[in-house]
Amino acid sequence: MARLTSRARRRPSRTAATGLAAALACAFAVWTGGSWYAVARDERAAFARTRDEVLQAGEQGVQNMNTLDHGDLAHGLDLWEESATGDLLKELKDSRKQFERQVESAGTTTTAKVLSGAVTELDERAGRARVMVAIRITVVAADRKSNTKDSRMLGELSRTPAGWKLSRLGQAPVGDAPAPTANPSAGTPTPSGS
Amino acid sequence: MSTTRHLLNRQRRLAAQRPPVQRAADPVRRRRPNATAARPARTLLSWPLLLTALTVLLAAFSVLAYVQGGQQDTAGSNTALADTARTSEVKGVVDETVQGIFSYDHTDPARTDAAAARRLTGAAVAQYRTFMGPVREQGPRQKLVLTTTVTDSGVEVLDGDRARVLVFADQSSTRTGKVGGTTVAAAMFAVDAVRQGGTWRIAALDTFQRAPGTPTDQGKE
């Protein structure tokens with residue numbers, strides 16, 4: 001009988017300890033699970049994720065299409081086509097042969113670095129988006145002379161089964177009228193504009 | 001004898017009652033020692049064990065939920081484009097400000113100063129002075145009119161009262177002094193904006209650490 005009571009006294013304390021741990025775990029699970037649910041359900045957060053996806057694809061695509069080594073043309077141009085869809089892809093395929101010849105004879109190697117990028121439009125339902133990307137392009141000529149220039153790119157992306165891809169890409173036009181050979185002279189203040 | 005009879009009767013009565021009583025009591029009595037021995041044992045083993053298993057499962061779920069929720073939260077804290085009202089608000093202010101502070105008319109330099117004073121804060125004040133120095137110096141002599149037009153802008157990050165906006169702008173400068181003519185130049189830069197007291201202001205200008213003398217591609221299209 002003495003044994004039983006001592007065991008009975010010990011029993012609740014152990015149960016209580018595990019019970020307390022379980023209760024704490026339960027409370028924590030409710031809290032984290034609740035916030036997970038809230039975040040997953042939040043349409044705005046889902047939209048933000050898509051936006052980040054689009055920007056990533058846009059920046060990568062722009063970088064790919066400004067990267068080309070004359071010694072590894074096939075691989076480089078395959079990457080171009082991989083980043084494109086729709087009209088842009090058709091355009092690339094149509095001009096590929098001619099372009100290959102041009103780059104081969106020029107012997108240039110082009111590398112690019114994305115400076116900054118932003119999604120300006122995103123229509124999730126239509127699967128269309130627009131991005132703007134600031135990029136720095138370095139062209140190394142056959143004589144090893146290198147030339148670096150900054151470029152303002154505007155792209156349009158479409159959603160494909162294989163992810164977001166560029167369906168249109170071009171440089172932001174300068175001026176309303178076709179820009180004259182702008183003469184960078186003193187007096188033009190902005191950063192990249194001089 | 002009455003007593004004996006009485007006793008006998010009592011015995012008989014009891015004997016008659018006994019079997020059912022015994023039968024009913026028997027299984028209970030046989031089971032009870034087992035049950036009393038097993039129940040505390042099962043309680044001892046199963047309750048803490050069950051609770052421990054529950055704790056482990058819940059903890060595992062919590063970790064998963066925390067990681068998942070946290071991952072999605074990082075994308076969620078940037079509300080650029082997702083928060084349409086705020087996005088267009090900051091975009092509008094930045095467009096207007098950039099056009100205001102980077103435009104200059106030699107007949108009315110005060111207007112540019114006013115725009116700069118109203119909309120610039122922090123590091124942007126000194127950066128702006130460096131950019132506009134040459135304009136201030138040569139403007140009056142060249143009779144310079146500089147007009148900056150934002151052609152494209154996009155909000156990269158919008159997080160509460162902070163934002164980063166990428167800007168593509170055209171700058172047309174017209175000189176009517178000795179050296180005449182109009183030139184258009186392309187510009188691109190990013191702007192850090194902060195909201196102070198309900199007003200968005202430009203806090204920094206990011207020119208992408210451009211090496212001096214690097215020509216901006218003028219766009220051949």
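The values are calculated or read from the model by the stated rules, or taken from the named source; none is laboratory data. Note that this is a predicted model, so its numbers are computed, not measured. Positions of Cβ are generated from backbone atoms using ideal geometry, with glycine treated the same way; all protein chains shown enter the neighbour counts. The accessibility values were calculated without ligands, DNA or RNA, using every heavy atom of the protein model including side chains. Shrake-Rupley method; radii C 1.70, N 1.55, O 1.52, S 1.80 Å.
Quick check on region A:76-88. Is at least one of its residues open to solvent by 70 Å² or more (accessible area, probe 1.4 Å), over 30 Å from B:T84 (Cβ atoms) and out of contact with any Gly (no Cβ under 8 Å at 6 or more places or on another chain)? Spell out the reasoning first.
Taking region A:76-88 first, the residues open to solvent by 70 Å² or more (accessible area, probe 1.4 Å) are A:78, A:82, A:87.
Narrowing further to those that are over 30 Å from B:T84 (Cβ atoms): A:78, A:82.
This time we only want the ones that are out of contact with any Gly (no Cβ under 8 Å at 6 or more places or on another chain), so: A:78, A:82.
The answer is yes, given that some residue of region A:76-88 is open to solvent by 70 Å² or more (accessible area, probe 1.4 Å), over 30 Å from B:T84 (Cβ atoms) and out of contact with any Gly (no Cβ under 8 Å at 6 or more places or on another chain).
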Query raised in the report: Within region B:188-203, which residues are small (G, A, S) and modelled with pLDDT of 95 or more?
Result: B:A190, B:A193, B:A203
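Sort through B:L166, B:L205, B:L158, B:L144 and tell me the only one that's open to solvent by less than 20 Å² (accessible area, probe 1.4 Å) and either more than 30 Å from A:R130 (Cβ to Cβ) or polar (S, T, N, Q) (or both). Spell out the reasoning first.
On the way: B:L166 fails: either more than 30 Å from A:R130 (Cβ to Cβ) or polar (S, T, N, Q) (or both); B:L205 fails: either more than 30 Å from A:R130 (Cβ to Cβ) or polar (S, T, N, Q) (or both); B:L158 fails: either more than 30 Å from A:R130 (Cβ to Cβ) or polar (S, T, N, Q) (or both).
Just a single option satisfies the conditions, and that option is B:L144.
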Query raised in the report: Among the residues of region B:101-115, is there at least one that is out of contact with any helix residue (DSSP H, G or I) (no Cβ under 7 Å at 6 or more places or on another chain), in contact (Cβ under 8 Å) with a residue 24 or more places away in the chain and facing chain A (nearest Cβ under 8 Å)?
Result: yes
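Among the residues of region B:119-170, write down those that are among the charged types (D, E, K, R), more than 12 Å from every other protein chain (Cβ to nearest Cβ) and without any contact (Cβ under 8 Å) to a residue 40 or more places away in the chain.
Correct list: B:D161, B:R162.
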Query raised in the report: Within region B:173-187, which residues are more than 7 Å from chain A (Cβ to nearest Cβ) and open to solvent by less than 50 Å² (accessible area, probe 1.4 Å)?
Result: B:T174, B:R175, B:G177, B:G181
Query raised in the report: Just to be sure, is A:T181 outside any strand (DSSP E or B), buried (at least 21 other Cβ atoms within 10 Å of the Cβ) and at pLDDT below 95?
Result: no
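Test A:D42 against the stated conditions and say whether it is within 8 Å of chain B (Cβ to nearest Cβ) and free of Cβ contacts under 8 Å to residues at least 60 places away in the same chain.
Numbers: within 8 Å of chain B (Cβ to nearest Cβ): yes; free of Cβ contacts under 8 Å to residues at least 60 places away in the same chain: yes.
When the stated conditions are applied, A:D42 passes them.
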